[in-house]
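Single-structure report; data block below.
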Amino acid sequence: MVGLLTIALPCAILFQGSYSGEAETECSSCPAGYYCPEAASAFTACGAGAYSAAAAGSCSDCPVGRKNPFTGQSGCTNCPGGQYQEATGSTSCTSCPAVRRSAGRPSGGWLSPAPVKGVGGYTRSP
């Protein structure tokens with residue numbers, strides 16, 4: 001009978017999104033909010049303004065209109081009403097400017113808040 005040769009390789013060498021400590025023989029998936037690049041022996045928290053799902057090899061920036069002020073998060077939150085964000089990877093939102101009366105309109109119309117592609121903005125009202 002011929003014996004089988006088994007070579008134990010740390011799984012982190014083979015797969016992004018998983019890690020294996022020095023004394024561990026099995027790999028573990030990175031938790032959500034953390035990432036494990038190839039050959040990871042531990043997981044690393046995503047920075048503020050970024051997030052990740054479980055078993056991620058890297059973090060993603062928060063999209064436009066969303067924020068994340070904390071590290072190690074699995075998602076980003078929408079900017080609250082009256083605030084907007086035009087950049088990716090943001091940790092905060094910006095307050096919308098005050099609504100102003102339009103002096104150039106004969107009818108004296110107002111500028112009113114209106115969403116623009118989920119970011120926020122202003123349109124003229126009659």
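Considering the stretch 35-44, and only residues there that are surrounded by 17 or more Cβ atoms within 10 Å (Cβ to Cβ) and of a type outside the set (Ser, Thr, Tyr), the residue that is farthest from the chain's Cα centre (by Cα) turns out to be Ala40. Across the stretch 1-21, the number of residues qualifying as at pLDDT below 70 and either in contact with a strand residue (DSSP E or B) (Cβ under 7 Å, 6 or more places away or on another chain) or in a loop (DSSP other than H, G, I, E, B) (or both) comes to 12. I need the full set of residues from the stretch 34-54 which are touching a Cys at 6+ places or on another chain (Cβ under 6 Å) and either in a loop (DSSP other than H, G, I, E, B) or not hydrophobic (A, V, I, L, M, F, W, C) (or both), in order please. Within the stretch 34-54, Tyr35, Cys36, Phe43, Cys46, Gly49, Tyr51, Ser52 qualify.
Put simply, of Gly57, Gly89 the only residue that is assigned to a loop (DSSP other than H, G, I, E, B), surrounded by 12 or more Cβ atoms within 10 Å (Cβ to Cβ), modelled with pLDDT of 95 or more and not polar (S, T, N, Q) is Gly89.
The values are calculated or read from the model by the stated rules, or taken from the named source; none is laboratory data. Keep in mind that what you see is a predicted model, and the values were worked out from it rather than measured. Positions of Cβ are generated from backbone atoms using ideal geometry, with glycine treated the same way; all protein chains shown enter the neighbour counts.
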